[in-house]
1. Taking the condition of being farther than 19 Å from V44 by Cβ, assigned to a helix (DSSP H, G or I) and either charged (D, E, K, R) or under 18 Å from the mean Cα position of the chain (by Cα) (or both), how many residues in the stretch 122-157 meet it?
2. Test S260 against the stated conditions and say whether it is surrounded by 15 or more Cβ atoms within 10 Å (Cβ to Cβ), without any contact (Cβ under 8 Å) to a residue 60 or more places away in the chain and closer than 26 Å to K37 by Cα.
3. For the stretch 157-187, what are the residues that are polar (S, T, N, Q) and either touching a Gly at 6+ places or on another chain (Cβ under 7 Å) or surrounded by 24 or more Cβ atoms within 10 Å (Cβ to Cβ) (or both)?
4. State the number of residues belonging to the stretch 42-53 that are modelled with pLDDT under 95 and either out of contact with any helix residue (DSSP H, G or I) (no Cβ under 7 Å at 6 or more places or on another chain) or under 20 Å from G145 (Cβ atoms) (or both).
5. Quick test of your reading of the structure: M1 fulfils all but one of (1) of a type in the set (A, V, I, L, M); (2) at pLDDT below 95; (3) in a helix (DSSP H, G or I). Name the failing condition by number.
6. Scanning the stretch 42-68 for residues that are assigned to a helix (DSSP H, G or I) and free of Cβ contacts under 8 Å to residues at least 12 places away in the same chain, which turns out nearest to the chain's Cα centre (by Cα)?
7. If V22 passes every condition in (1) of a type in the set (A, V, I, L, M, F, W, C); (2) touching a Leu at 6+ places or on another chain (Cβ under 7 Å); (3) at pLDDT below 95; (4) farther than 19 Å from A173 by Cβ but one, which one does it miss?
8. Where the second residue is part of a loop (DSSP other than H, G, I, E, B) and among the aliphatic types (A, V, I, L, M) and the first is surrounded by 20 or more Cβ atoms within 10 Å (Cβ to Cβ) and lies in the stretch 112-131, which pairs have Cβ atoms under 8 Å and are six or more apart or on separate chains?
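The values are calculated or read from the model by the stated rules, or taken from the named source; none is laboratory data. Nothing here was measured: the structure is a model prediction, and the numbers come from that model. For neighbour counting, all protein chains shown are included, and Cβ atoms are generated from backbone atoms with ideal geometry for every residue, glycine included.
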Amino acid sequence: MPTTQRRENADNIVVVKLGGSVLGSRDTSLEDVARLKKEGYLPVVVHGGAAAVNNWLKRLNITPKIVQGERVTDKDTLDVVAAVLAGLVNKETVAMLLDLGIKAAGLSGVDAGMIRGRPRGADWGYMGDAARVDPSVIATLLKDGFVPVVSPVSLNNTDNPVRLLNINGDPVAGELAAALQAERLVFLTDVPGIKDSGGEVINTLSAAEAEYLVNSGVATGGMVPKIRAAVRASAAGTVTSIIDGRQPHILYNEITRGGSGTSISA
């Protein structure tokens, strides 16, 4: 599929996942989001913020624990994650878009019950997986001309008295892209794309080929949840790009011209 081809039922929706590794640096990602919005696309921004969370954990003398690119989340860590992601990072991102002349609205997975999750298991604490996604609030914001900015802090869909849940932003982006039938899903990272066993970037992958890279151990760490999110989104017809967000204007160029990083489709 050519990168500029637009599927009619997708309304030009582009879900953009900003990684914590590029947030906070002087990058052009939000400038590209603003430009895409002005040119008729409907961007939805999902952000992480691992670096900011780790910084605050360090200030509070809490040791981060990361397994396969995902955060083991005890109650103290959950409190920090919620405060930093749904608060500081989310509002700073909204403010930057407003400064670019874009109507933006910040929310988390908790708002309007958008993302309900289930804890992954005792070893993970309050880290969970999305069990139910309701994109109606996102659709309403898009219809009203806003760029939604989504934090992955979500609702604990169990009877646990702790009502919040930490869900990795990558699968949240994938679930939202699938639920919205988005045209594109783009992960902005600090690597040039998915690499093969020889260390070379792979330009295109089918969903099955991408899954094989995970199952065979070629893809590891933070790339694993990105690939799984791409596979999930591909089932709804969404094309995913994993690109190096440190490159100036790579987001805009990828959406309008293509050819960067790794592309994954059904």
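1. 1
2. Taking the combined requirement at face value, the residue does not satisfy it.
3. N157, N166, N168, Q181 - these are the residues of the stretch 157-187 that are polar (S, T, N, Q) and either touching a Gly at 6+ places or on another chain (Cβ under 7 Å) or surrounded by 24 or more Cβ atoms within 10 Å (Cβ to Cβ) (or both).
4. 2
5. Just one mismatch for M1, condition (3).
6. So, considering only residues that are assigned to a helix (DSSP H, G or I) and free of Cβ contacts under 8 Å to residues at least 12 places away in the same chain, the one nearest to the chain's Cα centre (by Cα) is N54.
7. (4)
8. G125/V72; Y126/V162; M127/V72
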